[in-house]
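*Asks:* One structure, pasted below without further comment.
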Amino acid sequence: NKLYGRQDEEDKLNKLYQQYIQEKTFKGIIISGGAGAGKSMLALHTKRLTNQSNGHFCSAKFEQNEMYSKPLATIGDMFNTLCEAFVEGASPHDLEMVEKELENRLGNQASLLAGVVPSLIKLMPSPSHQLETSSTCVDAAVSMRYLFGELLRVISSHSKRPISLFIDDLQFADHASLHLIGYLLYSAKGGSSVFFI
């Protein structure tokens with residue numbers, strides 16, 4: 001569990017993560033390099049920092065052989081974990097506020113997102129807006145990017161705990177997921193308090 005020869009990178013990561021904790025704004029890092037360079041260990045270091053801050057650490061790992069089989073499934077799994085973690089640690093008041101805000105921001109398109117993030121129903125449980133099974137939209141890809149962005153914005157703005165999102169092996173991501181990740185990074189700069197790895 002020791003990372004050798006990467007003290008400078010660890011120090012930079014510590015400093016950036018502490019800035020994120022203090023400023024409660026969007027921050028992130030890109031870890032790149034060849035096999036055996038210590039990328040995974042640096043990511044696990046971020047997990048330790050998140051755990052020390054009593055935060056939520058959610059991860060997604062793209063697999064080479066699943067590049068086109070299930071678009072958005074990997075990111076959907078990460079958001080599913082985030083929804084579960086938020087529900088587990090949120091107060092009833094926070095859950096009520098998140099439900100109202102999601103209802104306003106997602107509208108009748110929530111069912112589209114629930115198809116990829118089933119735990120969304122835990123954030124929107126009221127019978128008055130149960131997620132319908134069918135939903136129509138002009139451009140599903142654009143709608144999904146918007147919906148994921150709003151979900152992240154709502155959760156991060158109401159979470160009392162820091163949120164770290166680790167996306168591994170991005171080179172194997174499908175095109176829809178790459179566009180989604182790009183949108184999440186772009187939209188997070190506008191107000192989400194998230195640490196991306």
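*Asks:* Using +1 at the C-beta of Lys and Arg and -1 at the C-beta of Asp and Glu, which of Leu82, Val194, Leu112 has the Cα lying farthest in the positive direction of the dipole of the chain?
*Replies:* Towards the positive end, the residue furthest out is Val194.
*Asks:* Can I ask one more? Order Glu63, Glu150, most accessible first, counting only protein heavy atoms with a 1.4 angstrom probe.
*Replies:* Output order, biggest surface exposure first: Glu63, Glu150.
*Asks:* Can you give me the % of accessible surface on the chain that is carbon or sulfur? Probe 1.4 Å, all protein chains present, nothing else counted.
*Replies:* Of all accessible area on the chain, carbon and sulfur atoms account for 52 percent.
*Asks:* Using helices alone, I'd like the mean residue ellipticity at 222 nm for the chain: each DSSP H run of four-plus residues gives -39500 (n - 2.57), total over residue count, nearest 500. List each step's numbers first, then the result.
*Replies:* Numbers: 8 runs with 105 residues, N = 197.
Rounded to the nearest 500, the figure is -17000 deg cm²/dmol.
*Asks:* Any chance you could get the radius of gyration and Dmax over the Cα atoms of the chain, in Å?
*Replies:* Every Cα atom of the chain included, Rg and Dmax give 17.1, 56 Å.
*Asks:* Sticking with this one: Sort the stretch 40-96 into rounded, prolate or oblate with this rule: let a ≥ b ≥ c be the square roots of the eigenvalues of the Cα gyration tensor; rounded if a/c is under 1.5, and if a/c is not under 1.5, prolate when a/b is larger than b/c, oblate otherwise.
*Replies:* It is oblate, given that a/c is not under 1.5 and a/b is not larger than b/c.
*Asks:* Filter the cross-link list Lys100/Lys122; Lys47/Lys70; Lys27/Lys100 down to pairs whose alpha-carbon distance in this structure exceeds 20 Å.
*Replies:* Lys47/Lys70; Lys27/Lys100
The values are calculated or read from the model by the stated rules, or taken from the named source; none is laboratory data. This is a predicted model, so every value here is computed, not measured. No Cβ is skipped: glycine too gets one built from the backbone with ideal geometry, and neighbour counts run over all protein chains shown. These accessible areas exclude ligands, DNA and RNA; they are computed on the full protein's heavy atoms, side chains included. Shrake-Rupley method; radii C 1.70, N 1.55, O 1.52, S 1.80 Å.
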